[in-house]
Amino acid sequence: MPKRAMRERLIGARAPTKRRGGFELLTRAADNQGEQNEGEGELRQAMLELEDEKIAEPALHWKRVQMRQSFRLGLEALFEWIIAEIGGGTMTTEALAAHMLKCAPPTYGQHWRWRRQCTNNPLGPLGGGRSVGRGEPQVDTWNSP
């Protein structure tokens with residue numbers, strides 16, 4: 001009985017809708033991979049690539065969470081870099097930006113090539129500007145030049 005109650009609250013009818021959808025997305029991705037599932041990275045990739053209209057909304061929510069996590073990690077890395085560069089001193093924003101550009105290897109900025117390859121996906125990594133859930137307006141910057 002305790003296991004059934006836990007399951008019901010964790011992923012069953014009493015669980016929040018987004019959690020249930022996320023678990024369904026995870027389950028379908030794992031089922032599609034079958035015995036090929038080698039680890040967490042492969043499963044995450046399968047969740048990104050899974051295209052099924054029945055789980056389109058949970059997939060979009062999951063992609064947005066992944067993008068927010070990537071953005072957060074990028075900001076944390078930038079903050080750590082800034083702390084390391086200025087040490088205990090000070091530096092203007094302009095000087096810091098100029099120093100960053102000077103330090104960046106010429107391969108930085110290649111993400112635009114990747115971005116252009118992703119525009120064939122109707123959802124795109126950010127959902128193609130579609131709003132899901134709370135009705136907030138979404139700015140479609142993904143397909144902009």
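Conditions tested, residue by residue: (1) modelled with pLDDT under 85; (2) assigned to a helix (DSSP H, G or I); (3) over 18 Å from Gly21 (Cα atoms).
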residue: Lys54; (1), (2), (3): yes, yes, no
residue: Glu57; (1), (2), (3): no, yes, no
residue: Ser70; (1), (2), (3): no, yes, yes
residue: Leu78; (1), (2), (3): no, yes, yes
residue: Leu101; (1), (2), (3): yes, yes, yes
residue: Trp114; (1), (2), (3): yes, yes, yes
residue: Gly127; (1), (2), (3): yes, no, no
residue: Asp140; (1), (2), (3): yes, no, yes
residue: Ser144; (1), (2), (3): yes, no, yes
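Restricted to the range 11-31, and to residues that are exposed (fewer than 15 other Cβ atoms within 10 Å of the Cβ) and in contact (Cβ under 8 Å) with a residue 12 or more places away in the chain, which residue is nearest to the chain's Cα centre (by Cα)? That would be Lys18.
Scanning the range 47-84 for residues that are touching a Leu at 6+ places or on another chain (Cβ under 7 Å) and either farther than 30 Å from Asn32 by Cβ or surrounded by fewer than 10 Cβ atoms within 10 Å (Cβ to Cβ) (or both) yields a single hit, Ile82.
The values are calculated or read from the model by the stated rules, or taken from the named source; none is laboratory data. Remember, it's a predicted structure, so these values are computed and weren't measured experimentally. No Cβ is skipped: glycine too gets one built from the backbone with ideal geometry, and neighbour counts run over all protein chains shown.
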